[in-house]
Every structure is written in C-alpha cells, then in structure tokens.
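The values are calculated or read from the model by the stated rules, or taken from the named source; none is laboratory data. Computed from a prediction, not measured in an experiment: that's the story for all the values here. Note that we place each Cβ from the backbone using ideal geometry, even for glycine, and neighbour counts take in every protein chain shown.
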Amino acid sequence: SQRIAGLSLFSAIKKMIFKKGGPKTLVDSFYYPSLGAGLVYEEMKKKIEERGGRVLLDAEPLSLVHEHGRVTSVEVRTKQGTQSFSPQAVISSIPVTREVELFNPSVPAEVLDAAKKLRFRSQVYLFLTINKEKVTDDNWVYFPDKEVPFGRISEMKNFSKEMSPQDKTSLFVEFFCFEGDEIWNASKEELFDMTMEWLEKLKFLNREEVLNIHHIKRAHAYPLYDLEYKEHVKTVMDWMDSFDNFYAIGRPGRFRYTNQDHSLEMGILAARSVLEGKRYEVDSVGSGKEYFEMGYVPENN
C-alpha cells in the first residue's frame with residue numbers, strides 16, 4: 001500500500017483519458033540525477049569530506065557495544081584492519097535481521113526471536129548494453145506473467161540521456177527471488193539466456209544486439225509481509241528505538257516497503273534528531289497515502 005497509494009483502475013483510466021487529476025504514481029515527469037541515483041550519494045560523500053568528515057567504504061560492521069541505553073562503541077573491519085569508534089550517534093540502514101546480531105551485549109531473546117521470523121525477498125540484476133539507439137519509449141516495463149522469469153525492465157537512457165551513448169542504450173533487468181533459490185544461483189549466462197528468450201519472443205530486441213552483460217545480486221531487497229510481520233517488527237523496533245543515540249532507517253533497516261525518497265527523508269529526520277536533540281518519528285515517513293505519492297507532504301500543526 002505504501003508503493004501504490006491512491007492508485008486505482010478508475011484513476012489510471014481517468015489519467016489516460018483526461019491527463020489531469022491522477023495520483024502521482026502515474027507521473028508525467030520527475031526529477032532524476034543526470035548520471036543516475038548514485039550521483040546523490042557521491043555528492044554526499046564529497047560534501048562530507050569537504051567539511052572535514054571521513055567516509056569509510058567497504059567497511060564491515062562487527063559489533064555495536066551498548067551501555068545504559070546508548071551505543072558507546074562501533075567496531076568495523078576494513079582493508080586496513082579492525083577499527084573502533086565512539087559515536088555521538090549511529091544511523092543505520094543495515095537489514096534488521098543482521099542488525100540485531102551486532103549488539104553487544106546481545107539483544108533480549110524475544111527480540112532476537114522476532115527478528116529471525118522476518119524474511120526478505122532478494123533480487124538479481126542484469127545490466128545489458130544494447131547496440132541500438134532505443135528499445136522502448138518507457139522508463140520501465142512490468143511483466144506480471146508467471147511464465148516470464150523477470151519482473152521488470154528499465155531503460156536507463158529514458159531516465160536521462162546521459163546514461164548511455166547517443167547511438168546505444170541499456171536495459172536493467174530485475175529478477176525477484178529468494179537467496180539460495182534457482183534464480184539466485186543461476187550464472188550470468190543462464191540468466192541472460194532466460195532474459196533473451198522472452199525479450200526476443202516479445203519483440204523487444206535480438207540477442208545479437210547485446211554488447212555487454214553485467215550481473216549483480218542483492219539479498220535484502222524487499223521485506224516479505226506475512227500475517228505476523230507487524231507484531232515481529234514492533235518487538236524489534238521498540239527495543240532498537242529505546243536507545244538514545246541509535247536510529248534504524250530505510251527499507252531494510254525498518255523492514256518497510258518504502259521508496260528511495262522515503263529512505264532519504266528518514267535519514268534527514270534521523271540527522272535532525274541528532275542535531276536538535278529531540279527524536280523525530282521516522283516511521284511517519286511514507287506512512288500515509290498523502291505522503292509523496294499524492295504530491296504533497298502534510299505539515300504538523
């Protein structure tokens with residue numbers, strides 16, 4: 001519901017016919033960084049370092065030492081070895097199922113048990129470089145048919161012309177799966193064969209037009225909502241949110257099916273909480289259908 005707020009079949013048809021009044025899920029235009037969403041985070045890193053801050057990349061978190069309701073030490077492993085920090089605050093988007101394993105002393109048994117009952121869907125991505133100017137006129141195309149092994153393709157050049165050379169384009173193919181299943185374990189070549197079988201059948205492009213293939217996996221892509229997930233999430237979040245200086249944010253960090261803009265807003269609210277000395281409710285972000293997708297953000301009176 002967080003991703004399709006305000007969208008209905010009637011409003012979709014109305015949008016197609018009248019071109020006005022439709023929910024923001026059916027946008028005619030949107031802002032997008034010229035070189036991709038990663039540009040936002042590269043600029044963040046640049047600004048932090050310009051102000052004397054330090055950004056550690058490829059750092060594996062090892063432990064969060066806590067005492068009297070505060071995280072007092074963070075230990076990470078980098079290429080240079082193990083390092084420890086005494087944080088003013090910790091803002092984390094680590095998958096909640098992994099986060100609970102980092103706390104030292106260990107989390108209460110009921111919190112650990114609740115976290116173990118939370119599951120994520122995974123994703124496998126193929127990036128295809130295509131030797132043609134354009135494949136579609138769309139940003140993305142969904143494939144709800146169970147026979148099609150992938151769920152969505154995106155043509156990044158339609159987000160920004162700078163994402164591909166003028167005479168070429170690229171497709172971003174998304175497979176939805178579980179870590180360890182057949183799709184997850186498939187090789188790049190096997191996934192490419194699955195992809196091209198259907199892209200050729202559906203007349204999108206021919207195999208000979210593909211110049212390059214890049215393959216990426218992501219284990220914690222989507223929180224899996226079962227009938228008991230709310231109870232388990234509440235148990236975990238109530239414990240984590242009890243810390244004075246720890247803030248869980250983002251889709252994996254709070255086990256919420258939110259957009260990238262929601263996750264950024266959560267981070268901003270967490271940062272304001274640290275700077276202003278009062279805790280903002282990050283779960284208020286994207287919680288109502290009026291938030292973002294209906295086109296405006298409600299103000300607190």
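Tell me, please, whether a residue that is in a helix (DSSP H, G or I), in contact with a strand residue (DSSP E or B) (Cβ under 9 Å, 6 or more places away or on another chain) and within 30 Å of PHE255 (Cβ to Cβ) can be found in the range 162-171. Can you show your working first?
If we filter the range 162-171 for residues that are in a helix (DSSP H, G or I), which is where we start, we get 162-163.
Next cut, in contact with a strand residue (DSSP E or B) (Cβ under 9 Å, 6 or more places away or on another chain) only: 163.
When the remaining residues are screened for being within 30 Å of PHE255 (Cβ to Cβ), the result is none.
No, the range 162-171 contains no residue that is in a helix (DSSP H, G or I), in contact with a strand residue (DSSP E or B) (Cβ under 9 Å, 6 or more places away or on another chain) and within 30 Å of PHE255 (Cβ to Cβ).
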Practice prompt. Determine whether the range 230-251 contains at least one residue that is among the hydrophobic types (A, V, I, L, M, F, W, C) and surrounded by fewer than 16 Cβ atoms within 10 Å (Cβ to Cβ).
Written response: no
Practice prompt. Test PHE176 against the criterion of being surrounded by fewer than 16 Cβ atoms within 10 Å (Cβ to Cβ), hydrophobic (A, V, I, L, M, F, W, C), assigned to a strand (DSSP E or B) and without any contact (Cβ under 8 Å) to a residue 60 or more places away in the chain, and give yes or no.
Written response: yes
Worksheet item: Could you list, in sequence order, the residues of the range 188-236 that are in a strand (DSSP E or B) and either hydroxyl-bearing (Ser, Thr, Tyr) or closer than 13 Å to LEU128 by Cβ (or both)?
Response: VAL210, LEU211, ASN212, ILE213, HIS214, HIS215, ILE216, TYR222
Item to complete: Those residues that are hydroxyl-bearing (Ser, Thr, Tyr) and at pLDDT 95 or above, I need them from the range 149-206; list them, please.
Response: SER154, THR169, SER170, SER187, THR195
Practice prompt. Among the numbered conditions (1) over 15 Å from ASN212 (Cα atoms); (2) in a loop (DSSP other than H, G, I, E, B), tell me where LYS132 comes up short.
Written response: (1)
Worksheet item: Of (1) surrounded by 15 or more Cβ atoms within 10 Å (Cβ to Cβ); (2) out of contact with any Gly (no Cβ under 7 Å at 6 or more places or on another chain); (3) closer than 24 Å to GLY253 by Cβ, SER92 satisfies all except one. Which?
Response: (2)
